[in-house]
Each structure stands twice: as C-alpha cells, then as structure tokens.
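Structure record follows, encoded as structure tokens.
A short reminder: the numbers here are calculations on the coordinates, not readings from a lab. Nothing here was measured: the structure is a model prediction, and the numbers come from that model. As a convention, Cβ positions derive from the backbone with ideal geometry for all residues, glycine included, and neighbour counts pool all protein chains shown.
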Amino acid sequence: MSDAVVIGAGPNGLVAANLLADAGWEVLVLEAADVPGGAVKSSELIEPGFTSDHFSAFYPLAAASPIIKGFELERFGLKWKTAPLVLAHPDLSGRCPVISTDIETTAASLDEDSPGDGDAWRRLYSLWEDIGADFIKALFTPFPPIAAPLRIAATLGPRELARFARFITLPVRRLADETFTGPSGGMLLAGNALHSDLAPESVMSGFYGWFLCCLGQQFGFPVPERGAGSLIDALVARLESKGGSVECGQAVSRIVVEGGRAVGVTTRTGDSFGARRAVLADVGAPQLYLDLIGEEHLPSRVIDDIKKFQYDNGTVKIDWALSGPIPWTAPPARRAGTVHVAESMDALTELAAQLHMGQIPAKPFLVVGQMTVADETRSPAGTESAWAYAHVPQNAKGDALGEISGKWDERDTEIFTDRMEAEIEKLAPGFQELIIGRYVMNPLTLEEKNANLVGGAVNGGTAQLHQSLIFRPTSGLARPGTPIKDLYLASASAHPGGGVHGAPGANAAKAALWREKRKKLILPVAGAAVAAGLLRRGR
C-alpha cells in the first residue's frame, strides 16, 4: 500500500507524483500504456534516425511554468533547444511575419507589411512585461488565485485595470483591428488563438493569442533535445530519486470507494493497489466520474453536469521524414521551429465556422513543426523531421468539399492527408517530393493510442469561456477535489486546462497535501474537545 496512487503517467500525473514525493509521501503511479508519458512521447516512428514526437512537441508553457522550473529537470538529463526563429506565418502574397525572442526582429517583420505595426507590438508586449510574471503565477495557482491578481491590480491601477478587463474579453479579430493597420500582426495573434478551439470571433480569443505570442517572445517555443520523451524521462528519474515509482501496463478500471472515501484502485487485470492518503487521477473528467468512480457514489447533479462536458475539436496529425528542409518560398519560415499555414483572418473565420457546423474543413489550418530546425539531433544532417496537425470536428456531420464521410477510415484519412499536404505545397513548392515516409493519426487512432485524447481532442476539453475558470470541468467542480474524499482530478480537464505545464497535477497534489495537513490539525482539536466534554460530564 502506498500513501498515494496516481492514475496516469502523463506530465500532470508525474508532476503531482513528484510534489507528493517531495513532501515525503510514498507514491505509486499506474500507467495503462507500455511506457510513461501520456501525450508526451517520442520515438523513431517512420525511419531509423528520424525522431518524431507522437503527440505534443513544443513547450512554451513548460518553459514558463514555475512548477516545471522548480523541479530542476536539467539535473536529470533534460536539455531545452530552440529554433533561430520561434514562429513564422507565410502567405501567398509574400508576407511572413515572425515571432522571435529578439523583439526587434519581431517588430521589423510587422513593419515590413505595415510601418508602425512593430511599435504596436511593442506596446502589446510592454503589457506582458508589466504583468506577465504575476499572470503566470495566477494561471498556475489553484482557482481562485488571490495574491497574483492583487499584484496585477496594484501594478495597473484602477483605470488601467478596467481597460485590461476589457482587453481580456476581446475576440482576436477585434484586438487586431484595434491594434494593427496591416494583416500580419492579426495573423500572428489569430494563429496562436487557433491552437485551441477559439475562433477569431470568440470571446477571449484575443487574450489567448496575445498570451501565446508573448510566451514565444519571452521564452521561445522550446523542445526537449532528442525528443519529447526526454521531458518524461527526466520527470520519472526525479520521481524515482525521491522514492516514487511508475508501473506501466497497469490500466485502472475502478477507484475503490469505502465510506465515501477513495482508498485505492483496481486494474483490468484484477490487481488492487491501496492508498492510505489519496488517489489522484490524470484522466479526463468524464472518464473519472462516469467510468472509474461509478454513478452510485455520486450526486445526480454531478452526473448531469459531467455528461454535458464538452471536448475540444478533434485532430489529424501527420509526421514526416523528409530528405531535406521544407522549401518555403518565404526565407524566414525556413528558420522557424513552428510555422502556421492559413491564408488570412477571413480564412480562419471560415474554417472555424465549418468546425462549429460539424464540417471537415475544406482548407485546414495547419500548425507545422520543423523539429530538426529546432534540434539537430532529430534527424540526419541535411534532412528534416517534421509534423503538422489540423483540427477537425469532434462529431463530423459532413465535409465542406463533400469528399470525406467523417468515419475516419483509410479513405477519409488519405483524402485529408492530401488536403493538408497540398496546403504546405502551395507555400513550399517541392515539399511533397521530399517525403521519405509519413505516419498519420486521425481522431480515432489518437484516442486508441491515448484514451485521454477523446475524439482526437488534445486540450482536455474546450477552452471556450463556458468551460474555463470556475466552470472547469463543470460549474460545481472548479477545484481539484471531488465529491469523493481524498480523490482528486489531476488532468487537463481541470483548471487551467491543456498544455504541458503541470498545473492541474500540481493543484491536485497541493489539495491532497492541504487536506492531510487539515486532518493533523483537526484531529487533535477534536480529540481535546471530546476529552473536555467527558471531563465536564464526569464532574
């Protein structure tokens, strides 16, 4: 029996386990897959010598996270690598705005399109310089944060605080219209907003795009040397150095609840693992509440709310082994670790509308990763290990071009793969001739490989306002705790949501530690009260 059992060895589960181990707890992590990592894994998927990241690939949130930084994972073999440019967004007209960790480079790329937009970016980024550190602290603190928002309010003052509140709500299209005279700045913001399921017209999409752009400006979009799995290797090594352990091939099928308290888990193979103090679950909220706990242990309102939980859009991801670098027509794109492929803001609006209508997009928006540009260890010299993903509807009702059924069989996958590659070919003629091999995952195969990626959703649930902050995962369950004592939700379904930063896992671990501390405080007080009562009766 362990002090804590953690379900899932993804980054959130491992962060939670490390924090509990730091507090002296005996921690066991159970992982269903054959190797730890969840959606952070890498291997030679296609060709020997070409390392591909299976799911996620670049990690600005990890670089910014005080939780990850506090672990000092460099002592356990982690080494971050960055590309010469953070992000590029080329288009057919020849524009190619970029984000660089050098603000002068970022600003100059915007001025090429429209003089003065460089200064507009400097003004936007100056807000980040004023409040960014406190905002990150607020983001990675259990909800509701208190100290960091108070510092932000003090920094801004009453008048600017009201303007900032409006700024937070702006759709990215409106933010771009108010800030830039040309299209390039808006495209950088909108492309980053589209990393989630926020359309250019969605409330808070401007803030989300600004946040990711600022992270890129300050930290870059770093990648672990030798592959994403190196991050997991470091987390596991650190945990083991603290006495914790990870067991793979252990798929948890049930959380054991006794007297309203989580006391352990059972697995599909019939094994049982007890937990003296807590169970933490790095799984999607619906899986936790509807599958692992069971409705008999939960209030009906919780079941009703969880059944309304909304996942984010599905995903199709292609990994390529290329015989040479992608031949982008725009030279800056050749130096960027990440490239966005979309024609315009209007094209992103059209794409978002198709997704909302359940239509597979005619022209998918692509996030492209050039991994060898960022990390030379990813493929042989002169070649490129690359990938791209595109969002598709969770439940496709049709296809904007009438070609794809939405069943995601071999034919559907092949047609959409061609559609994605054609978008790159427009901006990089000759790209397809460089393909040595590819590995394609559609929404079904993504979920098969990782049960948390339901329907290909990679953010653990929609980022729309109705399922963020106090509404994540539902309006009545906005903190890591659950209606079951000593059971905590530690996945991206909890605040603050998706991204590899460890905050949901850290928040769950802190909640478990706080409850244990309260037990130690309350029990002596309760015992003294009982004793005093007995003495009074004795008199």
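Annotations
- Whole-Hz couplings from phi, Karplus 6.51/-1.76/1.60, listed for region 373-378; x for Gly and Pro: 4, 7, 9, 5, 7, 6
- For region 115-125, 3J(HN,Hα) per residue [Karplus equation, 6.51 cos²θ - 1.76 cosθ + 1.60, θ = phi - 60°, Hz, x = Gly/Pro]: x, x, 6, x, 5, 4, 5, 4, 5, 4, 6
- Of all DSSP bridge pairs formed entirely within the chain, close to 65 percent run antiparallel.
- Efficiency of FRET between K407 and A353 - r from beta-carbon atoms, R0 22 angstrom, step 0.05: 0.45
- The long axis of helix 103-113 is offset from the longest Cα principal axis of the chain by roughly 40 degrees.
- Part-to-part distance (alpha-carbon centres) for region 357-415 and region 1-67, which is given in Å: 25
- Ranked list, fewest to most other Cβ atoms within 10 Å of each Cβ, for K79, K307: K307, K79
- Pairwise label distance in nanometres, Q432 with F471, each label 7 Å out on the Cα-Cβ vector: 4.2
- Converting phi to 3J(HN,Hα) with the Karplus coefficients 6.51, -1.76 and 1.60 and the offset θ = phi - 60°, region 228-245 yields 4, x, 5, 5, 5, 4, 5, 5, 5, 4, 5, 4, 5, 5, 9, x, x, 9 Hz in sequence order, with x at every glycine or proline.
- Packing, taken as the mean count of other beta carbons within 10 Å per residue, orders the peptides 389-400, 208-219 from highest to lowest as 208-219, 389-400.
- With respect to the chain, whose longest principal axis is taken over its alpha-carbon atoms, helix 503-538 is tilted by about 20°.
- With neighbour counts taken as other beta-carbon atoms within 10 Å, the residues D282, D305, D271 rank, fewest first, as D271, D305, D282.
- If you take the Cα centroid of region 155-189 and the Cα centroid of region 98-147, the two points sit 11 Å apart.
- Order of E74, E26 under a 10 Å beta carbon neighbour criterion, fewest first: E74, E26
- In this Cβ point-charge picture (+1 for Lys and Arg, -1 for Asp and Glu), the chain has a dipole of about 3080 debye about its Cα centre.
- Cross-link partners of K137 among lysines (Cα-Cα below 21 Å; sequence separation of 8 or more within a chain): K69, K510
- Within a straight-line Cα-Cα reach of under 20 Å, K81 can be paired with the following aspartates and glutamates, leaving aside sequence neighbours fewer than 8 residues apart in one chain: E44, D53, E72, D102, E225, D233, D319, D375, E376, E384.
- Tilt relative to the chain, helix 410-427 - C-alpha long axis, 0 to 90 degrees, to 10: 50
- Anchor K519: aspartates and glutamates whose Cα lies under 16 Å away (excluding residues fewer than 8 positions away in-chain): D3, D486
- Put the Cα centre of region 247-307 next to the Cα centre of region 471-513 and the gap is 14 Å.
- For region 313-458, the number of Lys pairs with C-alpha atoms closer than 21 Å, counting only pairs eight or more positions apart or on separate chains, is 10.
- For S253, nonlocal amide neighbours, meaning residues 5 or more places apart or on other chains whose placed amide H falls under 5 Å from its own, are T266, T267, R268.
- The chain: C-alpha gyration tensor shape, a/c 1.5 cut-off, then a/b vs b/c: prolate
- Relative contact order (%) - criterion: Cα under 8 Å, at least six apart; region: region 17-115: 11
- Long-range amide H partners of A83 with built H, under 5 Å: F221, G337
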